[in-house]
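Only one structure is covered here, and it is reproduced in the block below.
The values are calculated or read from the model by the stated rules, or taken from the named source; none is laboratory data. Just so it is clear, the structure is predicted and the values come from calculations on it, not from any experiment. Note that each Cβ is placed from the backbone with ideal geometry, even for glycine, and that neighbours are counted across all protein chains shown. Areas reflect the complete protein model, heavy atoms only, side chains present, ligands, DNA and RNA absent. Shrake-Rupley method; radii C 1.70, N 1.55, O 1.52, S 1.80 Å.
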Amino acid sequence: MADSPQVLILGGYGNTGRIIADLLLTFTDVSVTIAGRNASKAEQYALELGRKFTPTRVTWKVADAADAISLDRVLLGVNLVIVASSTSSNTHNVARAVLRAECDYLDINYARAKLKILEDLRGEIETAGRCFVTDGGFHPGLPAAMIRAAAEQMDELIEAKVSSVISINWSKLFFSNETMLEFVQELADFSTKELINGEWQEAGWGKMVRHVDFGGKFGLRNVYPMWLEELSALPELIPSLKSSGFYVGGFNWFVDYFIMPLGWMWTRIAPIYGARPVSKMLVWGLKKFSTPPYGTVLHLQSSGISNGKKCNYELRIAHESGYYLTAAPVVACVIQLLKGAGRKPGLWFQAHLMNPQQMLTDLKKMEIVIESHESDSI
Ligand SMILES: NC(=O)c1ccc[n+]([C@@H]2O[C@H](COP(=O)([O-])OP(=O)(O)OC[C@H]3O[C@@H](n4cnc5c(N)ncnc54)[C@H](OP(=O)(O)O)[C@@H]3O)[C@@H](O)[C@H]2O)c1
């Protein structure tokens, strides 16, 4: 990348995009372009950032991920595109434009279809020498990196499970219709795979629930397995690993027991027509029924062998805001890309490309709570 690289954030004035922009301007020397379909929102936020930082470091542009011509226009001279927009259905369009513009790419979308599209472009990405980072953010984005961090703490990592609490005060938030639509469409693909005895298997009913003590204001909570593609390669990377997974709690009683099951059924029966009404109900349910305490936590519990003895390692990553906790790992990843050694041509999961210890150090600088604890097993 050039000395003062130009980063364009698609969805730069969205809930996550705006924090990514702010953190990039605070913790790196890049210049930032705020992009999205709404000129006045892009301009307003760029002006706000210009007042807070140096005006010459911030510009804005109108861009539509669905429109290749608009992408070609805005990507001229850009070094890195961060896709913080709910545009996984436009992945092919965006990835192609990024390759034409000869820049790098980092997205934060959670979507199986997106991964397939990027996988199909892997050869072209490698030949072009571009660095494409996918599944950025905190989930996906951090769980596999936390498990890699645990593997560095012991000689043989045997068990490593990451559980989460995501409790957000949705009533105060505005998000684009596409964001909720994308979320609901992903429900149809929801999988409960866990690593059991070294094999990825769907968790059986009755075995699904885990009880995890998150401590502090969250205490003991039930969590359930949720498959993330970044976990898939872990047994290959860490051959001693026999038991693993990522686990989520619910949103609130109404969303968990009524809207999620309904959404899952509806999107399977009528994937095209079902998603929009379910996404509207989801927004209503999130805004109406979510209650404090608010905050976001990722909690890793792991065990293995060090110096011939059984040992445990716990790692907790937390922040009050789920959006901040999404943005900070993206910026930690960009910091590693900018350092040169962290940037490798090819297609990578954020959780695999990042150096885990450096990531934890940089997240701490961004005021993310990082706590770790090692102990011998009795
Ligand atoms: N990995 C993680 O940890 C994690 C966590 C949270 C969210 N996410 C993902 O991050 C994405 C953004 O989430 P969010 O909550 O920040 O959403 P949001 O607040 O609704 O923001 C979405 C942004 O995307 C823009 N956008 C939508 N369609 C667009 C298009 N066709 N072209 C250009 N821009 C477009 C929107 O602006 P306009 O509509 O004005 O264009 C808006 O700025 C979603 O895909 C979500 O699933 C990931």
Index of the failed condition, residue 203 passing every other in (1) at pLDDT 90 or above; (2) away from the ligand (no atom under 15 Å from the Cβ); (3) open to solvent by less than 70 Å² (accessible area, probe 1.4 Å); (4) in contact with a Lys or Arg (Cβ under 9 Å, 6 or more places away or on another chain):
(1)
When segment 228-245 is checked residue by residue, the ones that are within 19 Å of residue 110 (Cα to Cα) and open to solvent by 10 Å² or more (accessible area, probe 1.4 Å) are 229, 232, 233
If I ask for residues that are over 18 Å from the mean Cα position of the chain (by Cα) and closer than 21 Å to residue 317 by Cα, which ones from segment 107-153 would you list?
150, 151, 152, 153
I'm checking my understanding of the structure. Among residues of segment 19-37 that are touching a strand residue (DSSP E or B) at 6+ places or on another chain (Cβ under 8 Å) and not in a strand (DSSP E or B), which one is surrounded by the fewest Cβ atoms within 10 Å (Cβ to Cβ)?
37
Residue pairs meeting the criteria (Cβ under 9 Å; at least 6 apart or on separate chains; first over 13 Å from residue 134 (Cα atoms) and of a type in the set (Lys, Arg), in segment 326-355; second open to solvent by 20 Å² or more (accessible area, probe 1.4 Å) and modelled with pLDDT under 95):
343/1
Contact list, first residue from segment 294-305 and over 13 Å from residue 214 (Cβ atoms), second anywhere and part of a strand (DSSP E or B) and β-branched (Val, Ile, Thr), beta-carbon distance below 8 Å, six or more apart or interchain, is 303/158; 304/158; 305/158
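Criterion first (of a type outside the set (Val, Ile, Thr), more than 23 Å from residue 188 (Cα to Cα) and in contact with a Leu (Cβ under 6 Å, 6 or more places away or on another chain)) does residue 220 satisfy it? Spell out how you get there, then give the answer.
Details: of a type outside the set (Val, Ile, Thr): yes; more than 23 Å from residue 188 (Cα to Cα): yes; in contact with a Leu (Cβ under 6 Å, 6 or more places away or on another chain): no.
In short, no.
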Taking the criterion of being free of Cβ contacts under 8 Å to residues at least 12 places away in the same chain, assigned to a strand (DSSP E or B) and either open to solvent by less than 60 Å² (accessible area, probe 1.4 Å) or in contact with a strand residue (DSSP E or B) (Cβ under 6 Å, 6 or more places away or on another chain) (or both), would at least one residue in segment 174-197 satisfy it?
no
Taking residue 316 and the conditions (1) of a type in the set (Lys, Arg); (2) within 28 Å of residue 155 (Cα to Cα); (3) over 22 Å from the mean Cα position of the chain (by Cα), which numbered condition does it fall short on, given that it satisfies the others?
(3)
When residue 72 is run through (1) open to solvent by less than 10 Å² (accessible area, probe 1.4 Å); (2) outside any strand (DSSP E or B), the failure sits at (1)
Complete set of residues in segment 123-145 that are surrounded by fewer than 24 Cβ atoms within 10 Å (Cβ to Cβ) and aliphatic (A, V, I, L, M)
125, 128
Output for Cβ contacts, cut-off 9 Å, separation at least six or different chains, first residue in contact (Cβ under 8 Å) with a residue 40 or more places away in the chain and over 21 Å from residue 182 (Cα atoms) in segment 64-87, second aromatic (Phe, Trp, Tyr) and not in a helix (DSSP H, G or I), reads 80/105
Go through segment 44-67 and give me each residue that's assigned to a helix (DSSP H, G or I) and hydrophobic (A, V, I, L, M, F, W, C).
46, 47, 49
From the set of residues in segment 154-173 that are at pLDDT below 95 and part of a loop (DSSP other than H, G, I, E, B), which is farthest from residue 308 (Cα to Cα)?
173
Residues that are within 30 Å of residue 170 (Cβ to Cβ) and either open to solvent by 50 Å² or more (accessible area, probe 1.4 Å) or of a type in the set (Gly, Ala, Ser) (or both): does segment 334-347 have at least one?
no
Yes or no: residue 321 surrounded by fewer than 22 Cβ atoms within 10 Å (Cβ to Cβ), under 18 Å from residue 166 (Cα atoms) and under 21 Å from the mean Cα position of the chain (by Cα)?
yes
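Restricting to segment 165-180, count the residues that are among the hydroxyl-bearing types (Ser, Thr, Tyr) and more than 10 Å from the ligand (Cβ to nearest atom).
Residues of segment 165-180 among the hydroxyl-bearing types (Ser, Thr, Tyr): 167, 171, 176, 179.
Checking which are more than 10 Å from the ligand (Cβ to nearest atom) leaves us with 167, 171.
Residues that pass the stated criteria total 2.
Given the options 113, 145, 151, 97, name the one that is modelled with pLDDT under 95, not in a strand (DSSP E or B) and not acidic (Asp, Glu). Steps first, please.
On the way: 145 fails: modelled with pLDDT under 95; 151 fails: modelled with pLDDT under 95; 97 fails: modelled with pLDDT under 95.
Only one candidate passes the filter, namely 113.
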